[in-house]
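Trainee: Take a look at this one; I'll ask things after.
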Amino acid sequence: MRGSGLCQGVVFDITGSITDLLYCHCRMCRKSHGSAFRARGKVKTKDFHWLRGQELLRFYESSPGEHRGFCSRCGSNILTKFDQKPGELGLALGVLDDDPGARPTCHVFVGSKASWHEITDDLSQYDAFPPE
């Protein structure tokens, strides 16, 4: 499975599966993506491989220990690294060029969703992350 940023400067592939797909409505995801929510999933670090443009990536520590990576050329949000979970990455689904083969299963942080956005699907909604 491949993914890339808007300018095509950052390109990667994923050799494993993307799991835990969801829609996050928290303020940080909305601000970071300029949208009502962020569609995201998890990928194992060992399954994520840069094909080009890793030097274009810049990171912003949005929360203690959480580093959002974006392309310094076009601003595309690519992934999130976690200090406490080095074997896992958060992946912005919008940068995928291929179908991940799974679909988001829920909406999280709906208590802070954009006031102008209405959730109209039947997926579960949570005020925080879903229970394990």
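The values are calculated or read from the model by the stated rules, or taken from the named source; none is laboratory data. Worth saying up front: this structure is predicted, and the values here are computed from it rather than measured. In this analysis, Cβ positions are derived from the backbone assuming ideal geometry, glycine residues included, and neighbour counts consider all displayed protein chains.
Trainee: In the list 93, 56, which residue meets the criterion of being more than 12 Å from the chain's Cα centre (by Cα), within 24 Å of residue 7 (Cα to Cα) and surrounded by 14 or more Cβ atoms within 10 Å (Cβ to Cβ)?
Mentor: Numbers: 93 fails: more than 12 Å from the chain's Cα centre (by Cα).
That would be 56, the only listed residue that is more than 12 Å from the chain's Cα centre (by Cα), within 24 Å of residue 7 (Cα to Cα) and surrounded by 14 or more Cβ atoms within 10 Å (Cβ to Cβ).
Trainee: What single numbered condition from (1) in contact with a His (Cβ under 9 Å, 6 or more places away or on another chain); (2) over 22 Å from residue 14 (Cβ atoms); (3) of a type in the set (D, E, K, R); (4) surrounded by fewer than 18 Cβ atoms within 10 Å (Cβ to Cβ) fails to hold for residue 31?
Mentor: Single failed check for residue 31: (1).
Trainee: While we're here: Can you tell me which residue within segment 87-132, out of those that are among the polar types (S, T, N, Q) and in contact (Cβ under 8 Å) with a residue 24 or more places away in the chain, is farthest from residue 43 (Cα to Cα)?
Mentor: That would be 112.
Trainee: Please enumerate the residues belonging to segment 74-119 that are more than 18 Å from residue 20 (Cα to Cα), in contact with an Asp or Glu (Cβ under 8 Å, 6 or more places away or on another chain) and of a type outside the set (Asp, Glu).
Mentor: The one that is more than 18 Å from residue 20 (Cα to Cα), in contact with an Asp or Glu (Cβ under 8 Å, 6 or more places away or on another chain) and of a type outside the set (Asp, Glu): 111.
Trainee: Looking at this structure, is residue 2 over 20 Å from residue 129 (Cα atoms), surrounded by fewer than 19 Cβ atoms within 10 Å (Cβ to Cβ) and modelled with pLDDT of 95 or more?
Mentor: Spelling it out, residue 2 is indeed over 20 Å from residue 129 (Cα atoms), surrounded by fewer than 19 Cβ atoms within 10 Å (Cβ to Cβ) and modelled with pLDDT of 95 or more.
Trainee: While we're here: Determine the pairs where a residue that is touching a residue at least 24 places away in the same chain (Cβ under 8 Å), located within segment 31-45, has a partner that is among the basic types (Lys, Arg) with Cβ atoms under 8 Å apart, the partner being 6 or more residues away or on another chain.
Mentor: Filtered contacts from segment 31-45: 32/38; 32/68; 36/30; 36/113; 37/30; 37/113; 38/30.
Trainee: Only residues in segment 49-67 that are under 12 Å from residue 81 (Cα atoms) count as the first member; pair them with residues that are among the acidic types (Asp, Glu), Cβ under 7 angstrom, at least 6 apart or cross-chain, and list the lot.
Mentor: Once the first residue is under 12 Å from residue 81 (Cα atoms) and sits in segment 49-67, its partners that are among the acidic types (Asp, Glu) give 65/83; 67/61.
Trainee: Mind counting the residues in segment 9-36 that are at positive phi and of a type in the set (Gly, Ala, Ser)?
Mentor: 1
Trainee: A follow-up question, please. If I filter segment 103-125 down to residues being touching a Leu at 6+ places or on another chain (Cβ under 9 Å) and in a strand (DSSP E or B), which single residue comes out as surrounded by the most Cβ atoms within 10 Å (Cβ to Cβ)?
Mentor: 108
Trainee: A further question on this structure: Please tell me if residue 128 is at pLDDT below 95 and either buried (at least 16 other Cβ atoms within 10 Å of the Cβ) or part of a loop (DSSP other than H, G, I, E, B) (or both).
Mentor: Yes: the conditions hold for residue 128.
Trainee: Could you check residue 64 against (1) under 12 Å from the mean Cα position of the chain (by Cα); (2) farther than 17 Å from residue 19 by Cβ and say which number it fails?
Mentor: Every condition holds for residue 64 apart from (1).
Trainee: The conditions are (1) part of a strand (DSSP E or B); (2) of a type outside the set (Phe, Trp, Tyr); (3) surrounded by 13 or more Cβ atoms within 10 Å (Cβ to Cβ), and residue 9 fails exactly one of them. Which is it?
Mentor: (1)
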